[in-house]
Structure formats: C-alpha cells, structure tokens
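Novice: Can you read through this structure? Questions will come right after.
The values are calculated or read from the model by the stated rules, or taken from the named source; none is laboratory data. Not measured: the values here are computed from a predicted model. For neighbour counting, all protein chains shown are included, and Cβ atoms are generated from backbone atoms with ideal geometry for every residue, glycine included. Areas reflect the complete protein model, heavy atoms only, side chains present, ligands, DNA and RNA absent. Shrake-Rupley method; radii C 1.70, N 1.55, O 1.52, S 1.80 Å.
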Amino acid sequence: MSVCSLVSEDDSHKPIQLHHQHSVTLGRGPETKIKDKKCSREQVELRADCNRGFITVKQLGVNPTNVDDVVVGKGNRVTVKPGQRLYMVNQQYPYRVRFTEDTSTPRSAAELSKPSKRAHRMSSEGNAEKIKSPANTASDHHRMSDDSPPPKKIPSSGSDKSESAGHWSQGLKVSMQDPKMQVYKDDRVVVIKDKYPKARYHWLVLPWDSISSLKALRLEHVELLKHMQRVGDQMLQQCPDAHKLRFRLGYHAIPSMSHVHLHVISQDFDSPCLKNKKHWNSFTTDYFVESQGTLYTKTAGYSKLQINVFVVL
DNA sequence: GTTCTAGAAC
DNA sequence: GTTCTAGAAC
C-alpha cells in the first residue's frame, strides 16, 4: 500500500503523514505552523485513501478552504488528488498530497508527474497576474512543473515603517500642526485636545521641537519640560470646571504615539472613549508617570518604564 | 492610538 | 446566547 503525505508547498514544515482511512484534523497550530487567526484550529478534516490515491477534505472552519480555485465550503467534503492543490484558508497555505510506494511499483511516480487535472474554471482574474518572484524560485526547485504558483504570502517588511509619515503612530505630529486642533500655542509648545479623550477634559501638550519619545530626553530639555508643565497648569486655570474636578498631568511610560506629549486629564474618566482595561490602567497605574515632583536621572529605578532621563519639575 | 473579527470563555 | 481577548490591519 502506498503512503500518503500532505506536503506544504511553502516548505513551512515537514510533510504530515496521513494514514489510510484515518481522519486527521488540521488548522492553525504547531503542526502546520499557521498562526493566521483566520484559520481555525480545526480548519479541515483530512482522510486518505491510499488504495485509490486521493484524500478527502472536509472544511470545518468558517473561512474558506480551497481545492485549487474551488471553495470547499463549511461542512462539505471533496477529494484532493495528486496534482491538485489544497489551500488551508483564504487561498493561502498551499499543500499537495503525495503518495509514495514502499514497493517498486511505478504507479506513484506516474501519478506524481501527471499534469494538474484541475478544471480551468478560474475567474477572469485567475492566475494571469501572479508572477513568480525571483525570491520564490530557490525554494521552488523541487516543485512539480506547474504554471500557477501559489498565492505568495507577503511578509511584512523587516524595515521599521512605524517612523514613516503616514503611519498611525505619527498621528500627533499631524494633529499638532492642524490649526483646528490647536487650543493654545506659543513659540515652544502647542496644546491640542486628545482625539479620543478619556475624560471630560483631556489635553496634550507637545513641544514644537521633535522629540520622538521620553528616551530621547536629555538634560537640555529640562527647561522645555518645565514650560510644558506650566502650560498644562494654565489649561486648568482657564477650565470652567477646574474647581470641581481633579486633574493630573503626566506622561505614559511606554506611549504608542510618537512625539513627546504631556497628558493633562481630569480625573472623572467620564468619556465614551474610555472603553477597556488598558485605557483605565494607562491613567490610573504607574504607567501614568506624573510629571510634577517626579525625579529620575537614570534608568535605575525606572528601567521598566523605559525612561532615561527625568527631572524635577 | 483605534477598529475589526475569530475564537474562547462564560 | 453574550462578553472577553488577542491579533492584525490601519
């Protein structure tokens, strides 16, 4: 009897052996190394018929499993023969089935070399635009000849794009330049309303000088920080509800947004934008580093907060 | 930072 | 059934 293997065309893991008439459930997990949340942990149920040389695949997950360009559909079962390609989910994670004889019969080899029997029911966008990239070829050299390379998973670039202008983390730099957002400005700082206020009053004080993060602060910034603090205090003084609300001024220890910014926030936390634990914790725990009276000059005691230089204000 | 969503947890 | 959570995308 021949032996059936499920072979990852991405070469992302070793072939998985399918025993004759034994059901195997596969999906997201260590066996396939698929981490894509769109892929269920139990995405497919596979069963090999080693005598007849095919497997059946039943789609268990919600998102589509394909055999070539045909969606299996949840709850449905179809066959996969050598030459056909099984995509675990969303036309990604391509697999082939391979039957190898442990005897010397040539049938398996003949089967393997058969051209794809896939019906050309491809939609017009089909595979015409899919160009095999040179980077693909190195790992492809064992693949059977085929005119349709699998959809290429495009890995996110290794380069850090978070510093590029359009990235979400650069949003404050855009907002602070927008006159409609500004509620105060002078020659050193600008104040804007937080776009997603976590309380009834929530301002951000930003220096015009580009200081990407607290880690970039140096002693020469002390006067600027003091000025930011003074401007923050002025915001309270002009606030009509200041007398009945408590305020805190401070920095997030590990902010998501680039460009140093001082939060000036009332302590009512009455806001539809305060939606989860992370929001709450970011203003009510040590993650919120109060600016006034805070003194650190080295990382020592505050290494967890990733602050290099902090000063008495 | 927010939003969206699948799957887990309840 | 609803809520929570963790990732991914932006």
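Novice: Counting Lys and Arg as +1 and Asp and Glu as -1, what is the net charge of the other residues whose Cβ lies under 15 Å from the Cβ of A:T284? Provide the component values of the computation, followed by the final result.
Specialist: Working: positive: A:K198, A:R246, A:R248, A:K275, A:K277, A:K278; negative: A:D268, A:D270, A:D286, A:E290.
Around A:T284, the charge tally is +2.
Novice: Let me ask something else. Under a point spin-label approximation (7 Å from Cα along Cα-to-Cβ), what is the A:H22-A:V183 distance to one decimal in nm?
Specialist: Placing both labels 7 Å along Cα→Cβ, they lie 6.7 nm apart.
Novice: Rg/Rh for segment A:2-115: what does it come to with C-alpha atoms and Rh from Kirkwood?
Specialist: Numbers: Rg = 13.3 Å, Rh = 14.0 Å.
Answer for segment A:2-115: 0.96.
Novice: Let me know the charge dipole size of segment A:168-305 about its Cα centre in debye, to the nearest 20, where only the beta-carbon of Lys, Arg (+1) and Asp, Glu (-1) is charged.
Specialist: Details: 20 positive and 13 negative charges, 82 e Å.
Using Cβ point charges on Lys, Arg, Asp and Glu, segment A:168-305 gives about 400 debye.
Novice: Over 19 Å between Cα atoms: which of A:K226/A:K277; A:K38/A:K58; A:K33/A:K278; A:K173/A:K193 fall into that group? Present the calculation step by step, with values, prior to reporting the outcome.
Specialist: Values: A:K226/A:K277 31 Å; A:K38/A:K58 17 Å; A:K33/A:K278 30 Å; A:K173/A:K193 13 Å.
Pairs exceeding 19 Å: A:K226/A:K277; A:K33/A:K278.
Novice: Report the full-extension gain for the segment A:R52 to A:K277: residue separation times 0.36 nm, less the Cα-Cα distance, to one decimal in nm. Write down the numbers at each step before the final one.
Specialist: On the way: separation 225, 0.36 × 225 = 81.00 nm, distance 5.61 nm.
Extending this stretch completely gives an extra 75.4 nm.
Novice: Looking only at Cα atoms, what is the convex hull volume of segment A:168-305 per residue, in Å³?
Specialist: Values: hull volume 16.0 nm³, N = 138.
Spelled out: Cα convex hull of segment A:168-305, divided by residues, is 116 Å³.
Novice: Turning to a different aspect of this structure: Obtain the nm distance between the two label points defined at A:R218 and A:R200 by a simple spin-label model: each point lies 7 Å from its Cα along the Cα-to-C-beta direction.
Specialist: Inter-label distance under the simple model: 4.3 nm.
Novice: What is the extension gain from A:V62 to A:I254, computed as 0.36 nm multiplied by their sequence separation minus the C-alpha to C-alpha distance, in nm to one decimal? All intermediate terms of the calculation are to be shown ahead of the outcome.
Specialist: Numbers: separation 192, 0.36 × 192 = 69.12 nm, distance 3.71 nm.
In short, 65.4 nm is gained.
Novice: Express in Å², to the nearest 10, the accessible area of A:E223 obtained by rolling a 1.4 Å probe over the protein heavy atoms while all chains stay in place.
Specialist: 100
Novice: What residues from segment A:228-256 fall in the zone where the backbone N is under 12 Å from a label point 7 Å along the Cα-to-C-beta line of A:D209?
Specialist: A:228
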